[in-house]
Amino acid sequence: MDYFAEIESHFASKRGTPFVVNPKDWALMKEWHEAGVPLPVVIEAIDSVFEKAAERKKVVNSIHYCKHAVKELWDERRELTVGEGSSTPEASPSEALESLAALLEAIPVAAPFASRVRDLATEKSVPRIEEKLIELERELIDALVASLPEAERPVIALPPDVDEKTRARTEEANLRRAVRERFDLPRLTLFR
């Protein structure tokens, strides 16, 4: 699943209802993607927005509500690495990739993907590495979903009035999330 679909599905799951992204939200997600904001940062910011909204009993109807939370969290993460003795993923992606590959090797079903993660160290662009990690994660989850007998696949109940396109996207996103949790897969990203 790509960057945009992951954000959309996570937002929909936090909202608790099917959700179709409006053009303003798509533009914001594109802005985050082009700025190199890692998917885990966006997911964490969305979670914090929903936690705060629940405390205040407010409804979050748009990804745009998360704009400031994403910016603040991303700025904070970048500041945490400034002046630190260790290198940032931008300065040395090979260290982060090696760490990620080691995590995958510890999970038997994911171990074959470890060498492919290490191979990304030849890439010069961190955004390009992140894109390839998203593709690898999708491929890994696709392989795991295909390996599951139909009876073991989680069933996600949605209201009957949900249109087919939204139903299909939501069911796929929830299936992927359930598989990731079942096999305890880490998110494939340099920014952990």
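Numbers for the structure displayed
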quantity	calculated
Residue count for the stretch 121-136, restricted to those that are within 15 Å of P186 (Cβ to Cβ) and out of contact with any Asp or Glu (no Cβ under 9 Å at 6 or more places or on another chain)	3
Number of the exception - V37 against (1) of a type outside the set (G, A, S); (2) surrounded by 20 or more Cβ atoms within 10 Å (Cβ to Cβ); (3) assigned to a helix (DSSP H, G or I)	(3)
Yes/no for I46 being in contact (Cβ under 8 Å) with a residue 24 or more places away in the chain, among the β-branched types (V, I, T) and touching a Cys at 6+ places or on another chain (Cβ under 7 Å)	yes
Cβ pairs under 6 Å, 6+ apart, first in the stretch 169-182 and assigned by TED's automatic domain parsing to the domain that holds P159 and more than 15 Å from V109 (Cα to Cα), second in a helix (DSSP H, G or I) and among the acidic types (D, E)	none
Check on L144, at pLDDT 80 or above, outside any helix (DSSP H, G or I) and within 21 Å of Y3 (Cα to Cα)	no
V117 being at pLDDT 85 or above and farther than 30 Å from E51 by Cα	yes
Condition met for I63 (surrounded by 15 or more Cβ atoms within 10 Å (Cβ to Cβ) and modelled with pLDDT of 85 or more)	yes
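The values are calculated or read from the model by the stated rules, or taken from the named source; none is laboratory data. Keep in mind it's a predicted model, so treat the numbers as computed, not measured. Note: ideal-geometry Cβ built from the backbone for every residue, glycine included; neighbour counts use all protein chains shown.
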